[in-house]
Amino acid sequence: MSRTSNQTDGDIVRDFLSVADLLEEPQLAQLYAYLAREDEATVQDVMHELSLAQGTAYSYVNRLVDADVVEVTHDEQPRRYAAREINLTVTTVAGDREYTITPALIDAVGRRESNDDIDTYIDRHSVAGLATALTYAVARERGETTHRLMAEDLDISPLAAEMILQALRPVVHEHYDIEASGASLDELDSDDSDAADGT
């Protein structure tokens with residue numbers, strides 16, 4: 001479901017509406033993320049891995065198929081399902097911020113029920129804010145930024161920045177190729193601290 005130049009406005013709206021539930025309902029996001037990780041799975045696999053009741057698992061899978069974010073890959077019993085790729089760019093109402101809905105962002109939203117730091121961050125900064133934090137989390141893991149720089153850029157406390165970066169770390173390592181950089185994060189954070197102290 002990547003955004004392409006030949007899509008009509010109706011296609012774009014339909015694509016957005018098809019992922020809106022994923023961003024609003026953590027259990028649906030969790031299911032989508034599971035299917036994206038596994039390539040394909042049965043409803044029984046979903047029930048076992050996500051601890052869902054049979055009726056709930058079938059209902060969620062059917063909702064995602066109807067939303068066109070999950071497809072049936074094997075129609076004979078037991079049916080197998082796979083997540084479709086999602087890469088949809090959204091601009092905020094004010095037009096001042098843009099973020100991309102990706103499997104990594106959906107995975108992060110899906111973790112909100114089991115991770116209080118992600119849940120609190122979404123409550124305070126919205127899903128758009130979480131998308132921004134995810135961008136910083138990728139940069140942090142690549143050694144390109146620190147929690148202090150993120151805090152300064154986003155006008156949040158360094159503690160809040162560190163907490164969300166730590167919470168998003170497993171998502172980053174699951175969805176992005178992270179290679180070691182020349183400078184360690186400790187060195188970057190130490191440099192930030194020294195700069196803040198004027199040393």
*Please work out whether the range 88-175 counts as rounded, prolate or oblate from its C-alpha gyration tensor, where a ≥ b ≥ c are the square roots of the eigenvalues and a/c under 1.5 means rounded, while otherwise a/b larger than b/c means prolate and anything else oblate?*
rounded
*asked:* Full-extension gain between E24 and N87, please, as 0.36 nm times their residue separation minus the C-alpha to C-alpha distance.
replied: 21.0 nm
*Virtual spin-label span in nm between R63 and H48, 7 Å along Cα→Cβ*: 2.4 nm
*Please work out the FRET efficiency for the pair R169 and R79, using the Cβ-Cβ distance as r and a Förster radius of 45 Å; give the result to the nearest 0.05.*
0.85
*Which whole-Hz couplings ³J(HN,Hα) result when phi for each residue of the range 52-69 is put into the Karplus expression 6.51 cos²θ - 1.76 cosθ + 1.60, θ = phi - 60°, listed in order with x for Gly and Pro?*
9, 5, 4, x, 5, 4, 4, 4, 5, 4, 5, 4, 6, 5, 4, 7, 6, 9
*Inter-label distance for E38 and A139, nm, one decimal - labels placed 7 Å from Cα along Cα-to-Cβ*: 3.6 nm
_Given charges at Cβ of Lys, Arg, Asp, Glu: the range 88-175 dipole, positive-most of T102, A133, P158_ = T102
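Quick note: the coordinates plus some simple rules give every number you see, no bench work behind them. On a predicted model such as this, the values are computed, not experimentally measured, just so you know. A quick note on method: Cβ atoms are made from the backbone with ideal geometry, for glycine too, and the neighbour counts reach across all protein chains shown.
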